Structures are given as structure tokens and as C-alpha cells.
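Any read-out appearing in this document is the output of simple, stated calculations on the displayed coordinates, not a laboratory observation. Keep in mind that what you see is a predicted model, and the values were worked out from it rather than measured. Here the Cβ positions follow ideal geometry from the backbone for every residue, glycine too, while neighbour counts run over all protein chains shown.
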């Protein structure tokens, strides 16, 4: 299932296996990579409709995305975000990344509706979500006394797979 990493690859990082899949990609999104990774960890395994509702609640700051990966190596604990109410320890409300993920999930659901008319797109399971760092636009910001500071602009590439996990033979129930 792995690919040859010595050669440049285009397309998805996972091979498409199965006949009830729908995919969607976003390349060059202008959002932070760390927010995308945390959202991807949270929504993987959710149903598409549930994930969209959750991301709308994140935008409205009703629910927080748990931040579980440490941001600074060598220093104790999660230094990325503060604690939130409830059972979650650290979390934030990444609104811009949530908007991009909503568009991505809706695009995958539209692809599922186009290719498979007999299944409900909101009831498809998110089986694969990946957030990869994209290109970096490197610039320099002039400072005092003839110096300059790097001013880099980071981009993210996102991909998402939806899979239908229901029974394919639901029409044969009344034949007995």
C-alpha cells in the first residue's frame, strides 16, 4: 500500500480501495497546519453530517477542538492551548480552518451524491483525513539598520475520503 517516496507523487496519499468511496482535496489553503492536524484527528471516524455540525459549533464557539499534540518539543505538557470546560483538557476554536474543512466535506458529499445515487451522503463515514504542509512563499521583511527578517507564508494541502459502511443488500429484505 505504500508508494515509492523517492519519486515525486501527485494525487492522494492513500490508494482508493472499495466501490463506495468519495474523495475531495484542497491544495494551497491559506490556514495553519497545526489547526488542520488537530481538526483532522477529531473528525476522523465521524459521519459526514455530524462532522459538519461539529465544525459549525466550532465556528460559533460552542464546542472546542481538542489540541492533544505538544507544540514545543522538550517542554512539558501541551503548551499550545489552555483548558476548556468539560472533559477536554486543552482546546481552541480554529474558525478559518473549520470553514475550509466544511467546504471540503461538502465537496466530498457532493461527489458521493454524483457517483452513488442510492446512498445518503450525510451517513458516510470519514475514513481518511490528511493535512500536509504545502508550499512556502518565502519573503523578507525589512527591519531597522539594514537588516531583514524572514516573513514566510505557509500553505496546507488537505484530503478526505468518505466511505459508505451500510449494508449493500437492503433491498432484498422483503423477498422472504
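Remarks
- Kirkwood analysis of the stretch 23-167, using all unique Cα-Cα pairs, places the hydrodynamic radius at 16.8 Å.
- The peptide list 96-105, 47-56, put in order of mean Cβ contacts within 10 Å with the highest first, becomes 96-105, 47-56.
- A simple spin-label model places the labels of residue 140 and residue 25 3.4 nm from each other, with each point 7 Å out along Cα-to-Cβ.
- Taking label positions 7 Å along the Cα-Cβ direction at both residue 68 and residue 113, the computed distance is 3.2 nm, reported to one decimal.
- Between residue 56 and residue 152, the FRET efficiency estimated from the beta carbon spacing at R0 = 30 angstrom works out to 0.45.
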